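Asks: Quick one: the structure is below, and I'll ask about it shortly.
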Amino acid sequence: MATAGRSLKLSLAAGSIVVIALGLLRATEPRTPTRETAASAAASAAPRCRFSPGETAAFTLESTVRDVRDEEEDHLRATLSWQVDAQLAADRWRLRAALTDVSQSQELTLPEERVEGRLTDPFFVDVDASCRFVGFGFARDWDPRRRQLVQSTLLTHEFVLPAKQGAKRWSAAQSDGIGAFEASYAMASAARGPAVRVKRRKAAYEGQTGAATFGVSVVMVGSEATASFDRERPHWLTTSSGLERVQILVQGEVEADLLQQFHLTRDDGRFVAVRALNADEVDFGDAFALAAERDVRVDERVARLSYEEALQAFLSRLGGAEEASYAAARSLAAWLKAHPEAASPLIAALRAGDLDEAVHPALFLALELSGTEAARDALTDALVDPRLRAVDRARAASALADIGEPTRSTAELLLAQARSEADPMVANVSLLGLGSMARRSGDDELRTYVQDSLTGELASAAGTEQTHLVLDAMGNSGDAAFVDVLATHADADSATTRQHAVEALGRLDPAESGPRLLDRLREETDPAVGAAIVKALRGPPTGDAVALMSDKLAASTSITERSAIIAWLGSASRTRPEARSLLAAHVREETHARLVQQIGAFVPASELR
């Protein structure tokens with residue numbers, strides 16, 4: 001792939017975990033519907049999912065994914081057991097679930113990206129009456145990759161049933177580990193009886209604009225998936241199976257051409273009692289919003305390489321000076337863990353001009369991922385070395401903020417650079433990195449140091465640009481201690497200052513920041529700031545928030561602001577039915593064609609008539 005920033009490599013790595021290790025789902029093109037009679041509608045009407053506390057069920061599931069250009073494959077087979085733990089609302093239930101009889105191989109996934117650890121611990125799944133998974137909860141000792149694997153495995157079999165009984169076609173906004181998409185559904189012809197078959201189609205992933213900026217795209221080559229439901233036992237589906245082919249393109253070249261097959265069958269005879277799990281001790285956050293564990297393992301064969309051999313292997317894996325990859329950085333990082341003394345010579349080679357500029361981003365990432373003290377020292381030297389270009393010194397600052405366990409000495413260095421550095425790029429990245437260190441640190445003293453430092457920088461900020469930078473750094477910290485000061489700046493006279501403040505608030509704990517953002521939204525008159533507030537809102541949607549969004553949507557004359565509100569309401573519609581009703585009502589008033597299309601991604605066509 002062509003040279004890109006560090007953040008891209010991290011996002012691509014997360015994507016590769018999901019695509020290769022987990023697999024996706026795929027659906028078939030619905031058949032042309034036949035004319036629906038009253039009898040056929042009754043025979044084909046999909047059931048609603050319904051559960052009673054204490055009920056149990058079991059399913060066998062299997063998934064295989066391979067690159068069509070090779071023989072290696074990833075494979076997962078297991079038994080899924082669940083027990084209804086509680087009824088959360090009239091149309092929502094919590095299931096306590098676990099996998100048993102797990103058989104897993106990961107030949108296709110890179111060794112450093114493979115899922116490790118037990119997959120048999122219990123977890124929660126929240127399901128609504130449309131059979132949509134509206135929440136996953138894992139004990140806090142589950143690492144991100146295990147969570148992502150289990151969550152994606154179940155999302156493969158998510159078939160969302162229509163709100164309107166008798167519907168022959170409908171659509172639903174869904175998402176998996178790759179991103180959001182609109183699924184199109186059709187009721188398959190079925191004879192009279194309890195069985196109902198549903199076909200699902202997924203045409204493309206949405207929201208690829210950011211990745212496309214770096215030349216990355218996900219192409220849905222083809223899809224087909226079918227599920228069966230039993231009207232007499234409306235406890236999720238009885239079978240599902242499908243085939244999906246997805247291509248990952250980088251700069252127009254196919255990096256991965258993945259084919260997944262999957263199936264699931266209900267078999268209550270295989271039920272295994274699920275251990276108790278306390279919901280108060282479970283994390284219901286989005287598994288795909290978590291950073292994957294970035295530690296690297298030292299391969300004995302790699303460790304035996306000489307400096308020259310390791311450097312050549314690194315450059316070769318990059319595909320020459322034009323490409324830099326996360327995988328190459330991971331490989332070099334693993335070698336550096338066995339040879340920490342090589343960190344300084346690598347920086348020396350970079351300083352001497354022996355390494356092409358195109359490989360510099362991957363080199364700094366490798367030093368960061370190695371996590372060694374020698375790498376920290378080498379990065380420290382690079383940050384303060386005036387012989388290096390500003391962009392490389394900024395890369396060193398960014399890597400120092402993320403390497404290993406955050407330390408007070410690194411925090412002090414970043415603050416010193418932010419205060420004294422003549423080059424604004426290096427100074428800005430240093431201050432932003434100081435903020436992000438607090439988010440990663442479990443050391444209360446270090447967090448207090450960052451709090452005090454950023455508070456002081458805000459008080460002494462010379463001009464609005466410096467103020468905005470400090471607000472951004474406070475947001476990077478994720479520290480709720482900054483809620484009040486950020487909320488104060490969210491009321492500033494300057495619309496630009498307000499926007500930086502609300503975006504920073506959005507990166508804090510939503511329980512703390514959410515009420516402040518909603519208060520600001522009620523008063524906000526600038527549409528760009530209003531859109532930023534809506535995008536910053538996270539956490540479970542409340543009835544008051546939905547009502548406020550409804551008022552804002554009706555009053556807004558800004559396409560950007562209305563688009564943000566529509567996206568928020570669409571996401572909220574998964575748990576708040578009134579949000580979907582509001583969107584359905586608004587479509588009659590919406591004058592912009594693109595926004596009408598956006599609403600259609602969240603509301604079935606049958607409800608828009």
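Asks: Taking only DSSP H segments of four or more residues, each worth -39500 (n - 2.57), what value at 222 nm results for the chain once the sum is divided by all its residues, to the nearest 500 deg cm²/dmol?
Replies: Rounded to the nearest 500, it is -12500 deg cm²/dmol.
Asks: Any idea of the accessible area per residue across region 486-549, 1.4 Å probe, to the nearest Å²?
Replies: On a per-residue basis, 44 Å².
Asks: Next question, about the same structure. Identify the GluC sites (Glu not before Pro) of region 514-609 meeting these criteria: DSSP loop state and at most 15 other C-beta atoms within 10 Å of the C-beta.
Replies: Those satisfying the criteria are E589.
Asks: Quick one: what does P(r) look like for region 371-448 with 5 Å bins over all Cα pairs, in whole %?
Replies: Values per bin, smallest distances first: 3, 19, 31, 25, 15, 5, 1, 0.
Asks: By how many nm would the segment from Q597 to D493 lengthen if fully extended, with 0.36 nm per residue of separation less the alpha-carbon distance?
Replies: 33.9 nm
Asks: Is there a pair in K164/K535; K202/K337; K199/K552 whose C-alpha atoms are over 32 Å apart, and which pairs would that be?
Replies: As for pairs spanning more than 32 Å Cα to Cα, those are K202/K337; K199/K552.
Asks: Here is a follow-up. Provide, as a two-decimal number, the C-alpha radius of gyration of the chain over 2.2 N^0.38 Å, N being how many residues it has.
Replies: That works out to 1.02 for the chain.
Asks: Moving to a separate point now. Just the number: Rg to Rh for region 512-601, Cα atoms, Kirkwood Rh, two decimals.
Replies: Using only Cα positions, Rg/Rh for region 512-601 is 0.93.
Asks: Which trypsin sites (Lys or Arg not before Pro) in region 65-118 sit in a loop by DSSP (not H, G, I, E or B) and have at most 15 other Cβ atoms within 10 Å of their own Cβ?
Replies: Answer in residue order: R69, R118.
Asks: Give the calculated FRET efficiency between E412 and T120 to the nearest 0.05, with a Förster radius of 45 Å applied to their Cβ-Cβ distance.
Replies: Taking R0 as 45 Å, the efficiency between E412 and T120 is 0.50.
Asks: To continue, here is another question. Taking the simple approach of a point 7 Å from Cα along Cα-to-Cβ for both R588 and E445, what is their distance in nm?
Replies: Once both label points are built, they end up 6.6 nm from each other.
Asks: Just flag the trypsin sites (Lys or Arg not before Pro) in region 512-601 sitting in loop per DSSP whose Cβ has no more than 16 other Cβ atoms within 10 Å.
Replies: Answer by residue number: R588.
The values are calculated or read from the model by the stated rules, or taken from the named source; none is laboratory data. This one's a predicted model, so the numbers in the text were calculated from it and none came from an experiment. Cβ coordinates were reconstructed from backbone atoms using ideal geometry, including for glycine residues, and neighbour counts include every protein chain displayed. The protein model used for the area step is the full one, side chains on, heavy atoms only, and it has no ligands, DNA or RNA in it. Shrake-Rupley method; radii C 1.70, N 1.55, O 1.52, S 1.80 Å.
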